[in-house]
Amino acid sequence: MGISKDKLTSAVLLLASVFLFCLPVAALAQTKQVVFIRYRIPPGYFANVVEEFKAAMSRRGFTEGVNIEYIDILTRSADNDSIPDVLAAVRQYQDSADMFITCGWVSMPARELLKNTGVPQLFVPVLKSVAMEMLPTVKSPPGTNLSGIYLMYPPEKVLRLARLILPGATKYAYVYDSLIPADRVFKKEYEELAPADRHDFSLFFLDLAAGEEKVIAELRGQGIDAYGGIIGFIKHREALSASGIPLITSFALDIDQQSIREYVGEDTIAGLFDPFGYCGSEAAEMTADIFAGRNTIENSTPRPAKQLAFINLKAARLRNLPISFDALEAVDIIIK
């Protein structure tokens, strides 16, 4: 006995309905587009952010080329020259992107274009002080289309670490580049430190925009005991190390617990860093929740990065610099 055309059509439709019902929700959804905007901060240009973000999204059911598309924009430099690239990328993709992931200070110019669009933007990562330039607080839901992961390199903690390592020191220099927005923001944090939070250091502010040789001369001429920076000093690091002055600093770099051991070199006695890969993974969890409808960008409270402090005993030995037990207890990683 044959099957009627109507019955065959009904059976096909029923099977199709069952098949579609059984598919994962993420696979049924329209393909999501995530746009990364990052700049050329060595050594990895935020590569760990991108890699760990993609890996975490994959674990949450968002597979590249299947239900999620990634656009990766790398700007021309680490300073203000990158602003046109940032603005061009936002204008190009703001009508198609489901999420912008803006890495570092480029989040600020991107924010100017995105704040009235409703398109979600995550800063991954930025300094806490930079986040506070864009949001009134990082302690509660933002109520707007901006959230993210923020880094904490408290100047007070850097100076406290310097005091533990150099108990007799009196002069600390913050070496920065006034052409880099994040450097300027961090300088303001140093300037606003209460006297007690300076740990008996006199602070000096040396601007690399005035010239590398001038800064090195000032380091020596002012009798600086230790110095540090955040971003701008990095490309001048080799020249600065020739001054022979200990580097006790914040590393806002694309490094992790393993690579920090190779990166510190012989000039760095101690410092702070936040693994960028962790930031990428945390941002992916926030993004997956938003894409799955479990949360909204407006209700996504910014998250702190994972801060780690280290002491480089190898560099200390080369300088015949004794490291106290109190200093060793104050850090997470000891490089031998």
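List of remarks:
- Filtered residues of region 85-126 (kept if acidic (Asp, Glu) and not in a helix (DSSP H, G or I)): 95, 98
- Residues (of a type in the set (Gly, Ala, Ser) and under 17 Å from residue 237 (Cβ atoms)) located in region 178-215: 182, 209, 211
- Condition broken by residue 138, with the remaining ones in (1) within 30 Å of residue 223 (Cβ to Cβ); (2) part of a loop (DSSP other than H, G, I, E, B) satisfied: (1)
- Restricting region 86-107 to residues that are buried (at least 20 other Cβ atoms within 10 Å of the Cβ) and of a type in the set (A, V, I, L, M), the residue that is farthest from the chain's Cα centre (by Cα) is 97.
- Tally of residues being farther than 16 Å from residue 98 by Cβ and in contact with a strand residue (DSSP E or B) (Cβ under 7 Å, 6 or more places away or on another chain) across region 41-74: 5
- The set of residues in region 253-295 that are over 11 Å from residue 312 (Cα atoms) and in contact with a Ser or Thr (Cβ under 8 Å, 6 or more places away or on another chain) comprises 272, 273, 286, 289, 290.
- Selected residue [within 15 Å of residue 160 (Cα to Cα) and either small (Gly, Ala, Ser) or modelled with pLDDT of 95 or more (or both)] from 316, 288, 305, 330: 330
- If you go through region 106-123 and keep only what is over 17 Å from residue 284 (Cα atoms) and hydrophobic (A, V, I, L, M, F, W, C), you end up with 106, 108, 110, 113, 114.
- Just one of the listed residues (238, 285) is without any contact (Cβ under 8 Å) to a residue 24 or more places away in the chain, farther than 21 Å from residue 184 by Cβ and of a type in the set (Asp, Glu), namely 238.
- One residue alone among 321, 247, 308 is more than 30 Å from residue 117 (Cβ to Cβ) and crowded, with 21+ Cβ neighbours inside 10 Å, and that residue is 247.
- In region 302-319, the residues that are without any contact (Cβ under 8 Å) to a residue 60 or more places away in the chain and assigned to a strand (DSSP E or B) reach residues that are of a type in the set (Ser, Thr, Tyr) and surrounded by 15 or more Cβ atoms within 10 Å (Cβ to Cβ) with C-beta atoms within less than 8 angstrom, at least six apart or across chains, in these pairs: 312/268.
- Screening 129, 58 for residues that are closer than 30 Å to residue 258 by Cα, free of Cβ contacts under 8 Å to residues at least 24 places away in the same chain and either in the same structural domain as residue 288 (by TED's automatic domain parsing) or of a type in the set (A, V, I, L, M) (or both) leaves exactly one candidate, 58.
- The lone exception for residue 197 - which of (1) crowded, with 17+ Cβ neighbours inside 10 Å; (2) at pLDDT 95 or above it fails: (1)
- Number of residues in region 46-84 that are over 19 Å from the mean Cα position of the chain (by Cα) and not in a strand (DSSP E or B) equals 11.
- Residue among 53, 123 that alone is modelled with pLDDT of 95 or more and within 18 Å of residue 184 (Cβ to Cβ): 123
- Considering 173, 131, 182, 110, the condition of being touching a Ser or Thr at 6+ places or on another chain (Cβ under 7 Å) and under 24 Å from residue 80 (Cα atoms) is satisfied by 110 alone.
The values are calculated or read from the model by the stated rules, or taken from the named source; none is laboratory data. Quick caveat, the model's predicted, so the values are computed rather than measured. Neighbour counts run over all protein chains shown; Cβ positions are idealised from the backbone, glycine included.
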